[in-house]
Amino acid sequence: MVKQFIDNFKRIDSKISKIMKYGLAFCFILSIFSCLLLITYLHFSTNLLFFDIGINLFKFSLTLAVEFIICGYAVDIILR
């Protein structure tokens, strides 16, 4: 069953795959920015706003990355 899922994932349409790659790259950039905010909070820890923005941005980037993967896979299955 897992092998079938991996094989289907490898056969995703090139347009959908391209959108997924760009979306994941965007999410990766967001997560790097959130990590920088959290490191800033760790070193200076004078303002709790850095922590709140960093954690929320990190959660958002992870959620968005999962949505890109799942929605890309679902759209590919619908278009077949």
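Summary of computed values
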quantity: The chain, accessible area per residue, ligands and nucleic acids excluded (1.4 Å, Å²); calculated: 78
quantity: Cα pair distances in the chain, grouped into 10 Å bins until the bin that holds the longest one, percent each; calculated: 19, 35, 23, 15, 8, 0
quantity: Added length on full extension, which subtracts the Cα-Cα distance from 0.36 nm per residue, residue 52 to residue 3; calculated: 13.6 nm
quantity: Calculated FRET efficiency for the pair residue 73/residue 36, C-beta based, R₀ 25 Å, to 0.05; calculated: 0.25
quantity: Relative contact order [Cα under 8 Å, 6+ residues apart], the chain, whole percent; calculated: 40
quantity: Nearby aspartates and glutamates by direct alpha-carbon distance to residue 10 (threshold 17 angstrom, same-chain neighbours under 8 apart not counted); calculated: 76
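The values are calculated or read from the model by the stated rules, or taken from the named source; none is laboratory data. As the structure is a prediction and not an experimental result, all values here were calculated from the model. Cβ coordinates were reconstructed from backbone atoms using ideal geometry, including for glycine residues, and neighbour counts include every protein chain displayed. The accessibility values were calculated without ligands, DNA or RNA, using every heavy atom of the protein model including side chains. Shrake-Rupley method; radii C 1.70, N 1.55, O 1.52, S 1.80 Å.
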